[in-house]
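The values are calculated or read from the model by the stated rules, or taken from the named source; none is laboratory data. No experiment lies behind these values; they were computed from the predicted model shown. All Cβ positions, even for glycine, are placed from backbone atoms using ideal geometry, and neighbour counts span all protein chains on display. Just the protein is used for accessible areas: all its heavy atoms, side chains included, with ligands, DNA and RNA removed. Shrake-Rupley method; radii C 1.70, N 1.55, O 1.52, S 1.80 Å.
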Amino acid sequence: MTTTQTEQFTVRRSSTDHASAGILPLPPTGHFINGSFVPGSSNQVIDVVDPSTEQVIASVQAGTAVDVDAAVEAAVVAQKSWGATTPKERADVLNLIANIIEENRQAFELIESANTGKPQAVAEDDVTSTIDTFRFMAGASRTLTSMAGGDYATDHTSVILREPVGVVGVITPWNYPLLMAAWKIAPILAAGNSIVLKPSEQTPLSTLKLAELLAGRIPDGILNVVTGQGRTVGQRISEHPSIALVALTGSVVSGQAVAETAAKSVKRVHLELGGKAPVVVFPDADLRAAAAGVRNAGFWNAGQDCGAACRVLVHESVAEEFTEHLVREVGTLVVGAPEAGDDVEIGPMISRPHFERVKEALAEARTAGLHIAIGGSALEGPGYFIEPTVISNVPAGAHIATHEIFGPVVTVETFSTTEEAVTRANESPYGLSASVWTKDSSLSLRIPKQLDFGTVWVNAHLVLACEVPWGGFKGSGYGRDLSLYALDDYSRTKHVMINHGA
Ligand code: NAD
C-alpha cells in the first residue's frame, strides 16, 4: 500500500463573503401560498448555512402539515382555471418566467453560491440551464397532440384527450436547488397542473427568490412553496389525498419513503434518485480526452452530482497511463469559496453531516489499504472542503466504488475483457448514467445497448440538453425529467368514445 500525501490543495478564500458584505438579495422567508408570502403555522425555523463559511445566512419556516394543506387548497382552486388555458397561454407564462429569471440572473447566482458554496461558473451554468428549461418547455408544450380520432368499433368514434393530472407535489434536493426545481416546475405547469413544492431544507433560498419575483406576475396559486423538513412537509405532500402525483429528486431512501406513503392514496410517483456513474475506458480510447472528461464531469459541483463520472473502469493495459493523465488533470483543480475568483472549480460539501460522511468514506478507503493517488483528506476550515481525490487500483466490489459518495472522489478499477467491463459496470444498484470511451465505432454502438443506465454517453460525460430525457433505471428511480417525455409523465390520457350510429 502506498499513500501519497499531496498537501497540494488549499482553500482559496476571499476577504469578504457576499453574506457578511450585506449584498445578498435574500428573499422573504415565509411560505409562498396563493401568490403571497405567509407566516408558518408553527414558530419554528430552520437555519440556512453557507457551507463555505459555516455562517447562518437566513432562517426559514419549519413548515407543518397544516401549511401543506393550505398550499394544496390554493393549488386545487388555481388548477381549475390554469388547466383550462390553451398551450399558447401557458407557454406565454413559461416564457415570462424565463425572462424574469434572466433579468435577475445575478441575484440567483449570488444566492445559489452563498447557499451551496458552489463556484461562480457552476452557479452561472445552473441559471443558464434553468432559463433554457423554461424556454424549451414553453415551446415543447405547444407541439403536443393527441392521437387523431378514429373509428375502432363500428359506429363509434374515439378521441384521445391529453389532460393535466391535477395538483403535483414536488420535493427537490440541495445540489442544484434552482435547476432541479425548474426541471419540475416547467413541464408540470406546461402540462396544465398546479404545484406545491418543498425545496431542500438546506437550500430553500433560490426557490423562495423565484416565488418572490413571480408573485403577482403569474396566476396566484399555480406555484406554491412550503419550506421545511422531509419528514413533515415532504411526508404530508406524499400522503395528501388531493395531490395526484408526487415528484421527488433526492436520495434512494427518500424516494422509497415517498413511494411507500404515496401508495396509500394510489398516487402517481416520479423519482429521480441517486447514481454512481461508471466511466468505461477501452484500450483504444483517447486517454487524455477521457482523463479531461473525468476532471470535468467527476468534479463538477465538487462531485455532488447524481451523474458524476465517479467510477472509472479502465482496461488494465492502459490503466497506469490513464491514471497518470487523470492525476495530472485533477492536480490543476482550484478549490475555494465562490467569491475567491471565477477560476475556482471546487466548492465545499453542502453540510457538516455530509462532510463527515465523505471523510468517513475516505478513511474507510485508507483502512482498506486502497491507493490514494491524489488528495484524500479534508481541508482546513471554516467550510466543508474536501481535496479533489483519485483512488486507484480499486478492487472489484470495493465499498467506495459501489456506494454513492457524492463528493470530489473518483475511483479507478481495471478490467481485462469487454464482457467483464460490461458486467462490472452493470453490477450496481444504480442505473442513472454511464459513459464509454473508445474510438471503435462498433464498440460505441454495441456497449451502450448492453449498459443498464438511463443515459449513456460515448466519448463524453454529463452533457445534457433539454430536448433529451434524463432519468434512471433500477435504484435510480423512474420517470423522466426534460424532453417531451417529462410532459408525458405530468399529463394523463383520456379516451372519449362517441356512438354515432342509429
Ligand atoms: P435527500 O433525499 O436527502 O433530500 C431530497 C429531498 O427529499 C429534500 O427536500 C428532503 O427534505 C426530502 N425528503 C427527505 N426525506 C423525506 C421523506 N421521508 N419524505 C418526503 N421527502 C423527504 O437528498 P439530497 O441529499 O437533498 O440530494 C442528494 C441526492 O439526490 C443524491 O442521492 C443524488 O444522487 C440525488 N439527485 C438525483 C438527481 C437525478 O436527477 N436523478 C439529481 C440531483 C440529485
15 Å beta-carbon shell around Phe322, net charge (K/R +1, D/E -1): -3
Rounded if a/c under 1.5, otherwise prolate or oblate - region 220-370, Cα gyration tensor axes: prolate
Charge sum, other residues only, whose C-beta stays under 9 Å from Gly275's C-beta, Lys/Arg counted +1 and Asp/Glu -1: -1
Residues of region 1-84: accessible area per residue with a 1.4 Å probe, Å²: 52
Principal-axis tilt of helix 120-141 within the chain, Cα atoms, nearest 10 degrees: 30
Selected from His371, Ala285, Ile350, residue furthest toward positive end of dipole (the chain; charges at beta carbon): Ile350
Trypsin sites (Lys or Arg not before Pro) within region 398-501: DSSP coil, no more than 14 neighbouring Cβ in 10 Å: Lys439
Lysines with Cα under 30 Å of Lys184, excluding same-chain neighbours fewer than 8 positions away: Lys80, Lys88, Lys118, Lys198, Lys209, Lys264, Lys267, Lys276, Lys449, Lys474, Lys494
Antiparallel bridge percentage (DSSP; both residues within region 306-434; nearest 5): 30
DSSP-defined antiparallel bridges as percent of all bridges, the chain, nearest 5: 45
Heavy-atom surface of region 308-440, accessible at 1.4 Å and reported per residue (Å²): 35
Distance between region 372-408 and region 201-231 - C-alpha centres, whole angstrom: 35
Check: region 398-444 dipole with +1 on Lys, Arg Cβ and -1 on Asp, Glu Cβ, in debye: 120
Rounded tilt (10° steps) of 87-103 against the dominant C-alpha axis of the chain: 40
Modelled FRET efficiency - R0 25 Å, Glu321 with Thr367, Cβ distances, 0.05 increments: 0.30
For the chain, alpha-carbon Rg relative to the globular expectation (2.2 N^0.38 Å, N residues): 1.01
Region 167-247: antiparallel DSSP beta bridges as a percent of all, rounded to 5: 0
Between 0 and 90°, nearest 10: helix 441-450 axis offset from the chain longest Cα axis: 60
Packing rank of 239-247, 34-42, where each peptide gets the mean count of other beta carbons within 10 Å, highest leading: 239-247, 34-42
Cα gyration tensor category, rounded, prolate or oblate, for region 109-177 with a/c compared to 1.5: prolate
C-alpha center-to-center spacing [region 427-502, region 17-62] in angstrom: 36
Cα→Cβ-extended label distance, 7 Å offset, between Asp342 and Lys494, nm: 5.1
Simple Cβ-charge dipole of the chain, Lys/Arg +1 and Asp/Glu -1, about Cα centre, in debye nearest 20: 1200
For peptides 356-365, 153-162, 188-197, sequence by mean Cβ density within 10 Å, most packed first: 188-197, 356-365, 153-162
MRE, 222 nm, helices only [DSSP H, n ≥ 4, -39500 (n - 2.57), over the chain, to nearest 500]: -11500 deg cm²/dmol
For Val56, net neighbour charge (Lys/Arg +1, Asp/Glu -1) across residues whose Cβ lies under 10 Å away: -3
Prolate/oblate/rounded call for region 165-259, Cα gyration tensor, a/c under 1.5 rounded: oblate
